[in-house]
Structure formats: C-alpha cells, structure tokens
Amino acid sequence: NNCQDMIERCRRAGVKLRPHIKTHKTLEIAKMQLDDGGSGICVGAIASTLPEVRMLASAGIKDVTYAFPVGDGTFLKHLLAISQQWPGTQLRVLLDSDVSLDAVESFAAACAARGAPCPAWGAFLKLDAGYHRAGVDIT
C-alpha cells in the first residue's frame, strides 16, 4: 500500500517520516501511516487543527506536531489542555516568526507566574523556502 511504500522509501533514504493527516483526517489511516513495523522510521504525526491534535493524542500517538503557525499564541491554552489531558504525548509547535517565538515565551512566563506547570513542547522552525508564503526568511 502507499503508506508502506513511503515508509520503505524513507528507510532507503535514511530519513525519518512524520506523516500529515490533513487530507484524510481519520485515525484509521493515521495508524496505517505510522505502522512502520517497529523500525523507528515513523517518528510522529502532523495535524493541522486542534481537533486532529486531540484525536491523535487520545489514540495514544506519542508525538504530534500542530502544523499551524503559533502567530500571537491565542490557541496555546488549548494545546496546554491537550498536553495536560494526555501527558504521554509530546506536542510540537511551528515557529514561523519572532512574533511566534515571543508568544510561546510569554505563554511559558505566564504559566510560571501562576505557578502552573509550563508545557515542555518541542518546536520546529518553519523556513521560507523562497516562495514567500510562510516561514522565516532565510535570505
């Protein structure tokens, strides 16, 4: 099947796979995408909406990237709730600007000021590859 073909291509190329569930939005296909037979090729899933993040976390997917830019951080409280409800899931966010980084830092500082646990999210830096659609300009 296509999922296994992609996993095999990644294995041959020596790279990891983080499949996106944006199109199919189903847990069944997400599990097919992540079934690498224990080889470690698939390292997590990518979701574009908070409901998709919840679905993956609730199903026990251990590494979920929220592929929606942080922007001003208005949704970070929702990610915090997800990470508290499913503490075994490593959540990751996309940083695409100084504004995004500032929003995450401010959110963490606000958590600390309240004495609340700060989330230990991972982050990816989204780079503009030259099309000027999104990401940090690297030119």
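Whether any residue in the stretch 124-133 is over 20 Å from Leu17 (Cα atoms), of a type in the set (Gly, Ala, Ser) and in contact with a Leu (Cβ under 9 Å, 6 or more places away or on another chain) is what I want to check.
The answer is no; no qualifying residue exists.
If you go through the stretch 86-139, how many residues are of a type in the set (Phe, Trp, Tyr), farther than 11 Å from Pro69 by Cα and modelled with pLDDT of 90 or more?
3
What's the total number of residues in the stretch 109-128 that are within 16 Å of Gln90 (Cα to Cα) and open to solvent by less than 70 Å² (accessible area, probe 1.4 Å)?
Within the stretch 109-128, residues that are within 16 Å of Gln90 (Cα to Cα) and open to solvent by less than 70 Å² (accessible area, probe 1.4 Å) number 5.
Residues checked against (1) closer than 30 Å to Gly130 by Cβ; (2) of a type in the set (A, V, I, L, M, F, W, C):
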{"site": "Pro19", "(1), (2)": "yes, no"}
{"site": "Thr26", "(1), (2)": "no, no"}
{"site": "Gly37", "(1), (2)": "no, no"}
{"site": "Thr49", "(1), (2)": "yes, no"}
{"site": "Arg54", "(1), (2)": "no, no"}
{"site": "Ile61", "(1), (2)": "no, yes"}
{"site": "Gly88", "(1), (2)": "no, no"}
{"site": "Leu101", "(1), (2)": "yes, yes"}
{"site": "Ala109", "(1), (2)": "no, yes"}
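Residues of the stretch 1-25 being open to solvent by less than 40 Å² (accessible area, probe 1.4 Å) and either free of Cβ contacts under 8 Å to residues at least 12 places away in the same chain or within 17 Å of the chain's Cα centre (by Cα) (or both), which ones?
Selection gives Leu17, Pro19, Ile21.
Tell me which of these Asp98 doesn't satisfy, since it passes every other one: (1) open to solvent by less than 60 Å² (accessible area, probe 1.4 Å); (2) more than 15 Å from the chain's Cα centre (by Cα).
Answer for Asp98: the failing condition is (1).
For the stretch 129-139, what are the residues that are in contact (Cβ under 8 Å) with a residue 24 or more places away in the chain and surrounded by fewer than 17 Cβ atoms within 10 Å (Cβ to Cβ)?
Listed by number, the residues that qualify are Ala134, Val136.
If you take the residues in the stretch 58-71 that are within 24 Å of Ser106 (Cβ to Cβ) and without any contact (Cβ under 8 Å) to a residue 40 or more places away in the chain, which one is farthest from the chain's Cα centre (by Cα)?
Only one residue tops the list, namely Gly71.
The values are calculated or read from the model by the stated rules, or taken from the named source; none is laboratory data. It should be emphasised that the depicted structure is a prediction, and the values quoted were computed from it without experimental measurement. Methodologically, a virtual Cβ is constructed for each residue, glycine included, from the backbone with ideal geometry; neighbour enumeration extends over all protein chains shown. Keep in mind that these areas ignore ligands, DNA and RNA; they rest on the heavy atoms of the full protein, side chains included. Shrake-Rupley method; radii C 1.70, N 1.55, O 1.52, S 1.80 Å.
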